[in-house]
1. If you check every pair at least six apart or on different chains, which have Cβ atoms under 7 Å apart with a residue in region 107-125 that is under 30 Å from T139 (Cβ atoms) first and a residue that is charged (D, E, K, R) and crowded, with 16+ Cβ neighbours inside 10 Å second?
2. What's the number of the only condition in (1) over 22 Å from D216 (Cα atoms); (2) in a helix (DSSP H, G or I) that G132 fails to meet?
3. Among the numbered criteria (1) under 26 Å from L208 (Cα atoms); (2) surrounded by 21 or more Cβ atoms within 10 Å (Cβ to Cβ), which one does I264 miss?
4. Between a residue in region 196-212 that is without any contact (Cβ under 8 Å) to a residue 24 or more places away in the chain and any residue that is of a type outside the set (S, T, Y) and crowded, with 24+ Cβ neighbours inside 10 Å, which pairs come within a Cβ distance under 7 Å, given they are 6 or more apart or on different chains?
5. Tell me which of these V40 doesn't satisfy, since it passes every other one: (1) in contact (Cβ under 8 Å) with a residue 24 or more places away in the chain; (2) surrounded by fewer than 22 Cβ atoms within 10 Å (Cβ to Cβ); (3) over 19 Å from the mean Cα position of the chain (by Cα); (4) farther than 22 Å from Q206 by Cα.
6. Would you be able to say whether some residue in region 255-269 is within 23 Å of the chain's Cα centre (by Cα) and modelled with pLDDT of 95 or more?
7. Hey, among V214, V171, V146, V218, which residue is farther than 20 Å from A319 by Cβ, under 16 Å from the mean Cα position of the chain (by Cα) and crowded, with 21+ Cβ neighbours inside 10 Å?
8. Do we find that Q192 is surrounded by fewer than 20 Cβ atoms within 10 Å (Cβ to Cβ), at pLDDT 90 or above and within 26 Å of M137 (Cβ to Cβ) in this structure?
Amino acid sequence: MSANSSSTAAALALIADDMREMDAVIERRLKSEVPLVSQVSHYIVAAGGKRLRPALLLLLCGALGYTGDQRYNLAAVVEFIHTATLLHDDVVDESTLRRGRATANEAFGNPASVLVGDFLYSRAFQMMVEAGDMRIMQTLAEATNVIAEGEVLQLMNMHDATLSEDGYLRVIRSKTAKLFEASARLAALLAQASPAVEQSCADFGQALGTAFQVIDDVLDYDGDVSEMGKNLGDDLREGKVTLPLIIAMQRATEAERLMIEQAIETGGTEQMPRIISIVQQTGALDATRAAAAAEAQRALDALPALTQNPYSHALQQLASQLLERRF
């Protein structure tokens, strides 16, 4: 086990019981009288994944001293919203593999995946209403709306070789980082933290989520396929322009840049090995890791507002070790 995986495991061990309680809520709230709804929901939830968003919420609740049961409910809400976005994402991207096995759309078809994603969204909204707190509902409603805007923005940017770094960051801050930010803010709201601490938590979550996605985009060109559970180069295959490609096009020769542009615009995979090689040889991956490092540091800078305890230390470890992530 690497130092990174052991430190992450230690952080998650702090909330192991909390995660089990959340799983019990998930199991209970996935029940439906429509068999296909339960079947598809369980299929994707059982696929596992890192569950970083609910883990972030639960760790921050620990750091802020909140021990009420509502944290399990909201952790499940966050996971349902994330799972719904995955179901819809895989349909839009025509993905066939996630976490090392067939996607739900591959196993059950596109219509079932879209509709069960809708069920998870609506179930999440039922559960957030039960919290009986307008700020909590406001936070989750805004996050869900921004995520949807991010999805549409990414769709508009597909096969656009002129996408800038600012345009790329706008997408991931909407599509990925927003739910991290909301998860962190929810913990502060549950703990009835001061506005300053609430903002620090939100800033931490947003920066952590951005760093996580930037590193994820690095791994699309430099990861271990068996560990990632998806195919190397999937982003380019789908016409997604990510930071490694943007930087590679800035540094490549004219002929190499034109090759990458054509692959982006057509979704062609013929030159995939050559393009992956260009991305690696131009130093684009190191530059992208440096961008992730800046976001990870921004996350760490938000943490001093929290009382020092095992939970806040675990959050610090998660942020500082993020750059060693391999999958």
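The values are calculated or read from the model by the stated rules, or taken from the named source; none is laboratory data. What you see is a predicted model, and the numbers here were worked out from it, not measured in a lab. Heads up, the Cβs are rebuilt from the backbone with ideal geometry, glycines too, and the neighbour counts pull from every protein chain shown.
1. Close Cβ pairs (under 7 Å, with a partner that is charged (D, E, K, R) and crowded, with 16+ Cβ neighbours inside 10 Å) amount to S113/D90; R123/R29.
2. Of everything listed in (1) over 22 Å from D216 (Cα atoms); (2) in a helix (DSSP H, G or I), G132 misses just condition (2).
3. If we test I264 against (1) under 26 Å from L208 (Cα atoms); (2) surrounded by 21 or more Cβ atoms within 10 Å (Cβ to Cβ), just (1) comes out false.
4. E198/R185; E198/A188; A202/E181; A202/A184; A202/R185
5. V40 satisfies all of (1) in contact (Cβ under 8 Å) with a residue 24 or more places away in the chain; (2) surrounded by fewer than 22 Cβ atoms within 10 Å (Cβ to Cβ); (3) over 19 Å from the mean Cα position of the chain (by Cα); (4) farther than 22 Å from Q206 by Cα except (2).
6. no
7. V171
8. yes
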